[in-house]
There are 2 protein chains.
Amino acid sequence: MSRCLVLQSEVQSFIERCMIAVGTKVSHARALADVLVEGDRRGHYSHGLNRMDMYVKEIQTGICSKDGEPIIEKETVATALVDGCNLLGPVVGNFCMDLAIKKAKEVGIGWIVARGSNHYGIAGYYSMQALKEDMIGMSYTNTSPLVVPTRAKECTLGTNPISVAAPANDGDNFVLDMATSAVALGKIELHHRRGDIIPEGWGCDSGGKLSTDPGKVLSGGGLVPIGGCEATGGYKGFGLGLMVEVFCGMLAGSQYSRHIRTWKFTERTADLGQCFVAINPECFAPGFKDRMSDLLSLHRNLEPAELGVPVMAPGDPERKNIRKCEDLGGIPYHINVIDHMNGVARSVGVSPLLPANRLIAN
Amino acid sequence: MSRCLVLQSEVQSFIERCMIAVGTKVSHARALADVLVEGDRRGHYSHGLNRMDMYVKEIQTGICSKDGEPIIEKETVATALVDGCNLLGPVVGNFCMDLAIKKAKEVGIGWIVARGSNHYGIAGYYSMQALKEDMIGMSYTNTSPLVVPTRAKECTLGTNPISVAAPANDGDNFVLDMATSAVALGKIELHHRRGDIIPEGWGCDSGGKLSTDPGKVLSGGGLVPIGGCEATGGYKGFGLGLMVEVFCGMLAGSQYSRHIRTWKFTERTADLGQCFVAINPECFAPGFKDRMSDLLSLHRNLEPAELGVPVMAPGDPERKNIRKCEDLGGIPYHINVIDHMNGVARSVGVSPLLPANRLIAN
């Protein structure tokens, strides 16, 4: 399996030119490219370039708006309800996160909820914006139903991610960015393509029973909430998925739960609900970043259960991937991804993705 | 195994008289009794009367303060840092939650963090206070280390609970109240006493390996985060436990993580960090309670995977237990609990717990 290296700036530029070619406003194309590139740099390839064609298609078909800006519908000094006006998720996300940070500077916290939004890439991109201001950031979104509640056999919840970021000293930080399902759909698909079985606790069949057969999970079954089956605490993951829905669809008045359009079916607008929060640690006890640094190093320095498999803090695996990309001098993609993306490029009439001058043996 | 029925008002009065006998301020004794009785009514017996002797001991030894009131150290219109002054957890919790609700009425949200607090009983007690005002409530606390992080073999995190409550129509509601460990310590202890093995994914041995032997978990091992081992997403539960620490110990400047005193060792003050939030849905999209009712009934009415085992929303198991107590006309306790509590009553010189006039089979 050979991989191809692409300069980060070229990935950025490629996404921008594809999106602009289908009529996306320049600043919106840039916002989307920023999030997708960050997804890839952090190693979340299912939320990066890989997913660009979905956004291209949604702009092309007019199911997602290519112009305009989000609107504040209602606000207090600490909260706001935003109409995302069916714009690209990152446009809505950036607008809301900026507003959350502004309010947190003034009154210690900003809690912003958006309706009328679209897929926004990795949740961590938004929570991490707060780090630049030495604040805690949070981001939540509801998504198309893929998760089967405990005791049920039908998907009613999305992977509904939770992201919380908090600053430590010297640019170090804590970045939790997790789906409330046990794993992402992409992981199941990968095992299925390889013909591998999946661990028990990732998904269930159409009868709601845990299954190790990825085929059954993908055809009529679904993902299970973090915690797996009821005996191992799956009802907690189910509860967390609903909590995200309370912060998003319930407060936003957007679509929610089973009412959200089916994953990959883009016959109608997504109208997702999203929630963005910034909290200013200066309004609480002094020394926040010192304590964060201690909390992180305390955990990183724990003696590992298995030699050579170090304990990691949330955000550390992503940091490792970013370092790898920097060492390589670009982002590595599978050749099939490059080929597929260049098919998209041809269809929208822009120049292809230009790989750097070398292949990488995986 | 026979159980004894006690009137709810008698449990309340018993806890109050025991606490007052050791010098607790009357209003504080009442606040504690309210929370413990609610724990039992909701079926969380490990956080009810069962734990009263811990509070009695802490007041007796002076490790927890018996008089005074919490102090606001710092505040904005939407946030506050509170010094709990080492008072009983429920006294601190009520003070903070009232403050959160007051701020949420004024500016849509109140985010309150307390340091210098103590065990506060069930987290859900505080989040549920917001329901009375048709608001969303949240409550978080750090606790003594009992949970082993993914890849580690040492306990560095408490069971760090998350509670989120949200109102629906006609008094119905959503109440998530969960530890970020797969299960509570009490469940492991119960299996150990019975000589049963535990399901894989509840705890680990002293080497950090998942174990089905409750003895190993209790002697040198520990609880594991929700999600179990790394392959099934245990790192997500670990991340959620740390998230609670960010909201509590990090913002509060209290003790945190491994620095918190060992569970059941009360040689020094607890100095716990806690976080209380109220959010006013009126500052967001209209129709919040209608959507909540739809979300709840949508899930309750799902076809169950197993006939006769209905899908439940967070808070439903507790509702069932409350109804059971109401049908019985009191709270059922195991005879050993009554005996033990009456030992405490004798030692502090108050009249014993008076059971109602009947025994209950199981």
Practice prompt. State whether one or more residues within region A:224-238 are more than 10 Å from chain B (Cβ to nearest Cβ) and open to solvent by 30 Å² or more (accessible area, probe 1.4 Å).
Written response: no
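Give the residue, chosen from A:K74, A:K66, that is open to solvent by 40 Å² or more (accessible area, probe 1.4 Å), more than 30 Å from A:L190 (Cβ to Cβ) and free of Cβ contacts under 8 Å to residues at least 12 places away in the same chain.
Values: A:K66 fails: free of Cβ contacts under 8 Å to residues at least 12 places away in the same chain.
Matching residue, one of A:K74, A:K66: A:K74.
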Worksheet item: Across region A:162-178, what is the total count of residues that are assigned to a loop (DSSP other than H, G, I, E, B) and open to solvent by 20 Å² or more (accessible area, probe 1.4 Å)?
Response: 1
Discussion item. I'd like to verify a number: residues in region A:297-317 that are over 14 Å from B:Y235 (Cα atoms) and more than 9 Å from every other protein chain (Cβ to nearest Cβ), how many?
Written reply: 4
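Can you find a residue that is under 21 Å from B:G239 (Cβ atoms) and assigned by the TED database to the domain that holds A:I112 anywhere in region A:256-275? If you could, list the steps in order and put the result at the bottom.
The initial filter retains those residues of region A:256-275 that are under 21 Å from B:G239 (Cβ atoms), namely A:274-275.
In the following step, the residues that additionally are assigned by the TED database to the domain that holds A:I112 were identified as A:274-275.
Yes, the conditions are met somewhere in region A:256-275.
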Discussion item. Pairs please, first residue from region A:274-294 and over 30 Å from A:N86 (Cβ atoms) and facing chain B (nearest Cβ under 7 Å), second anywhere and open to solvent by 10 Å² or more (accessible area, probe 1.4 Å) and not in a helix (DSSP H, G or I), Cβ atoms under 6 Å, 6+ apart in sequence or on different chains.
Written reply: A:C283/B:T76; A:A285/B:G253
Practice prompt. Among the strands (runs of 3 or more DSSP E) lying completely within region B:268-362, list those that include at least 1 residues that are open to solvent by 20 Å² or more (accessible area, probe 1.4 Å).
Written response: B:331-334, B:359-361
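Can you tell me how many residues within region A:243-267 are in a helix (DSSP H, G or I) and surrounded by fewer than 21 Cβ atoms within 10 Å (Cβ to Cβ)? Please lay out each step first, then the result.
The initial filter retains those residues of region A:243-267 that are in a helix (DSSP H, G or I), namely A:243-252, A:257-259.
After this cut, where a residue has to be surrounded by fewer than 21 Cβ atoms within 10 Å (Cβ to Cβ) as well, the list is A:258-259.
Result for region A:243-267: 2.
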Worksheet item: What are the residues in region A:3-32 that are in a helix (DSSP H, G or I), surrounded by fewer than 24 Cβ atoms within 10 Å (Cβ to Cβ) and either hydrophobic (A, V, I, L, M, F, W, C) or in contact with a Phe, Trp or Tyr (Cβ under 8 Å, 6 or more places away or on another chain) (or both), if any?
Response: A:I20, A:A21, A:V26
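I'd like the residue in region B:183-199 that is modelled with pLDDT of 90 or more and either touching a Gly at 6+ places or on another chain (Cβ under 9 Å) or open to solvent by less than 70 Å² (accessible area, probe 1.4 Å) (or both) and, out of all such residues, is farthest from the other protein chains (Cβ to nearest Cβ).
Our first condition is that a residue be modelled with pLDDT of 90 or more; within region B:183-199, this holds for B:183, B:188, B:191-192, B:195-199.
Still in the running and either touching a Gly at 6+ places or on another chain (Cβ under 9 Å) or open to solvent by less than 70 Å² (accessible area, probe 1.4 Å) (or both): B:183, B:188, B:191-192, B:195-196, B:198-199.
Working: B:V183: 6, B:I188: 13, B:H191: 12, B:H192: 17, B:G195: 18, B:D196: 13, B:I198: 10, B:P199: 5 Å.
The selected residue is B:G195.
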Fill in: Of the criteria (1) in contact with a Gly (Cβ under 6 Å, 6 or more places away or on another chain); (2) part of a loop (DSSP other than H, G, I, E, B), which one A:P149 fails
(1)
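Yes or no: region A:125-132 includes at least one residue that is in contact with a helix residue (DSSP H, G or I) (Cβ under 7 Å, 6 or more places away or on another chain) and more than 30 Å from B:E106 (Cα to Cα).
Looking for residues that are in contact with a helix residue (DSSP H, G or I) (Cβ under 7 Å, 6 or more places away or on another chain) and more than 30 Å from B:E106 (Cα to Cα), one finds at least one in region A:125-132, hence yes.
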Discussion item. What's the number of the only condition in (1) open to solvent by less than 60 Å² (accessible area, probe 1.4 Å); (2) without any contact (Cβ under 8 Å) to a residue 40 or more places away in the chain that A:D53 fails to meet?
Written reply: (2)
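Name the residues in region A:31-59 that are among the charged types (D, E, K, R) and touching an Asp or Glu at 6+ places or on another chain (Cβ under 6 Å), would you?
Looking only at region A:31-59, we keep the residues that are among the charged types (D, E, K, R), and these are A:34, A:38, A:40-42, A:51, A:53, A:57-58.
The one that is among the charged types (D, E, K, R) and touching an Asp or Glu at 6+ places or on another chain (Cβ under 6 Å): A:R42.
The values are calculated or read from the model by the stated rules, or taken from the named source; none is laboratory data. This structure is a prediction, so every number in the text was calculated from the model and none was measured. A quick note on method: Cβ atoms are made from the backbone with ideal geometry, for glycine too, and the neighbour counts reach across all protein chains shown. Accessible surface is based on the protein model in full, side chains and every heavy atom, while ligands, DNA and RNA are left aside. Shrake-Rupley method; radii C 1.70, N 1.55, O 1.52, S 1.80 Å.
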